[in-house]
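One structure is given here, and the rest of the page talks about it.
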Protein chains: 2
Amino acid sequence: MTSVDLRLNAIIDPAVAGGRDIVDLARCVAAGGATLVQFRDKRGETRAIVEEVRAIKAVLTPFNVPLLVNDRVDVALAAGADGVHVGQADMAAIDARRLLGATAIIGLSISSTAEAEAAPIESIDYAGIGNVYATASKQLPNPPIGPEGFARIAAVLRRRAPAMPACGIAGINADNAGAVIAHGADGVAVISALSLAPDPAAAARILRGIIDGMLAKRGA
Amino acid sequence: MTSVDLRLNAIIDPAVAGGRDIVDLARCVAAGGATLVQFRDKRGETRAIVEEVRAIKAVLTPFNVPLLVNDRVDVALAAGADGVHVGQADMAAIDARRLLGATAIIGLSISSTAEAEAAPIESIDYAGIGNVYATASKQLPNPPIGPEGFARIAAVLRRRAPAMPACGIAGINADNAGAVIAHGADGVAVISALSLAPDPAAAARILRGIIDGMLAKRGA
């Protein structure tokens, strides 16, 4: 399992960027303290996405922040990203691992205890559990699970894989991030709370402060 | 350059299959004489596409007909397809070659003499030139080039790469395939003329007869 710092997982999606330049956005969130960046583009043409991911990778390298690509193993390979995040309908993690190799970071979305029971734990490095809260960033088929739902799903996963890092995802912001960490998350995945913030770097700094504070409290 | 038999390049697309089972459709066109099959799915989820491509590959193997995937190098790698066909907005052929290796088949869509001048001939095994005729299979931004346009673009390509196989694409059927071959094509790419035919295997046999006859006549 490749070690991954999940504390502040910033998801960058051109469809949820308020018209901002996504490369500049990636730089800002990394400068503010994002520990992992995931690029998600469900609509673009492959060639343009590869170029975008290359440009984002270049700005993240000085920060030593890994870059994952949502779903697209081909884009990750072509652009030299650090791995992928796959959903339940994306490429199977076992296939992604075979194509990306042992040192790549592979994350998996998990939305229920059944998916936690079935998760290919030998092929993944972390889990994104949600949707924790309601969100406007993505059409979500299921009602929010809340931080209690996160804890319930994480418990199933950790019974199978005690050291598996897990972050909460969906609708997480500075007001509710602490509750997610308090319920056992190693971090939070954030989209609009950073991408649509007036100052994404400042928003990242504030979130990191809350997350690190709550992790320290939990650890104490 | 990997050798490729372009005579009858059947493109299978769930969006242009009239509700037919695409695996069965692939089997039928191969039984009827398709020399190359390309699977194109611009809408499906990655996991489902990988499974479809695996199933199609399994039915094509006994016919010794190679299977290409449109655009998606990740799907081709995961499913063990023989290569990819890329458009001008898809992954760059040089990147696809690096990921797929020397023995994969890589085809490129070319729609103008400028694209023929710029084509990465060292990275591709064949060209699909079009759109030759009007078609309902795909939204096309440019007017049809006709068989004369095919000949004009192929001449530019072959000045740079004399042995590069090229097929015509778009709106090609049993009525007009002969004209495309007469203008120098090594074969034709066909979608609805096979996929929407009452009997796709019979339609493939008829097309192969026309193509082989015209190639023999041209060679004589």
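The values are calculated or read from the model by the stated rules, or taken from the named source; none is laboratory data. Keep in mind the model is a prediction, meaning the values are calculated, not measured. For neighbour counting, all protein chains shown are included, and Cβ atoms are generated from backbone atoms with ideal geometry for every residue, glycine included. Side chains included, ligands, DNA and RNA excluded: accessible areas come from the protein's heavy atoms. Shrake-Rupley method; radii C 1.70, N 1.55, O 1.52, S 1.80 Å.
For this structure, a couple of remarks:
- Selected residue (only one of B:Leu77, B:Leu108 is under 28 Å from B:Asn173 (Cβ atoms), buried (at least 20 other Cβ atoms within 10 Å of the Cβ) and hydrophobic (A, V, I, L, M, F, W, C)): B:Leu108
- Per the conditions (1) surrounded by 19 or more Cβ atoms within 10 Å (Cβ to Cβ); (2) more than 14 Å from B:Ile129 (Cα to Cα), the sole criterion not satisfied by B:Arg160 is (1).
- Tallying residues that are away from chain A (no Cβ under 14 Å) and not aliphatic (A, V, I, L, M) within the stretch B:32-51 yields 5.
- Restricting A:Pro144, A:Pro165 to those that are open to solvent by 10 Å² or more (accessible area, probe 1.4 Å) and touching a strand residue (DSSP E or B) at 6+ places or on another chain (Cβ under 7 Å) reduces the list to A:Pro165.
- Checked against the criteria, B:Ala216 does not count as buried (at least 18 other Cβ atoms within 10 Å of the Cβ) and either over 30 Å from B:Gly19 (Cβ atoms) or hydrophobic (A, V, I, L, M, F, W, C) (or both).
- Answer from A:Ala204, A:Ala154, A:Ala193 - the residue that is over 29 Å from A:Arg20 (Cα atoms) and of a type in the set (A, V, I, L, M, F, W, C): A:Ala154
- The lone exception for B:Ala136 - which of (1) open to solvent by 50 Å² or more (accessible area, probe 1.4 Å); (2) out of contact with any Pro (no Cβ under 9 Å at 6 or more places or on another chain); (3) farther than 22 Å from B:Ala177 by Cβ it fails: (3)
- Residue match in the stretch B:50-73 (condition: of a type in the set (A, V, I, L, M, F, W, C) and touching a Lys or Arg at 6+ places or on another chain (Cβ under 6 Å)): yes
- Among residues of the stretch A:5-21 that are under 11 Å from A:Leu36 (Cα atoms), those with a Cβ under 8 angstrom from a residue that is of a type in the set (D, E, K, R), sequence gap 6+ or separate chain, pair up as A:Leu6/A:Asp186; A:Arg7/A:Asp186; A:Arg7/A:Arg208; A:Arg7/A:Asp212; A:Leu8/A:Arg208; A:Ile11/A:Arg40; A:Ile12/A:Arg40.
- Considering the stretch A:71-187, the qualifying helices (runs of 4 or more DSSP H), each wholly inside and each with 3 or more residues that are more than 13 Å from every other protein chain (Cβ to nearest Cβ), run over A:113-118, A:146-160, A:177-182.
- Test: residue in the stretch A:18-40 that is at pLDDT below 95, more than 30 Å from A:Arg152 (Cα to Cα) and open to solvent by 40 Å² or more (accessible area, probe 1.4 Å): yes
- Residues in the stretch A:44-70 that are open to solvent by 10 Å² or more (accessible area, probe 1.4 Å), farther than 22 Å from B:Arg47 by Cα and assigned to a helix (DSSP H, G or I): A:Ala48, A:Glu51, A:Glu52, A:Arg54, A:Ala55, A:Lys57, A:Ala58, A:Val59, A:Thr61, A:Pro62, A:Phe63.
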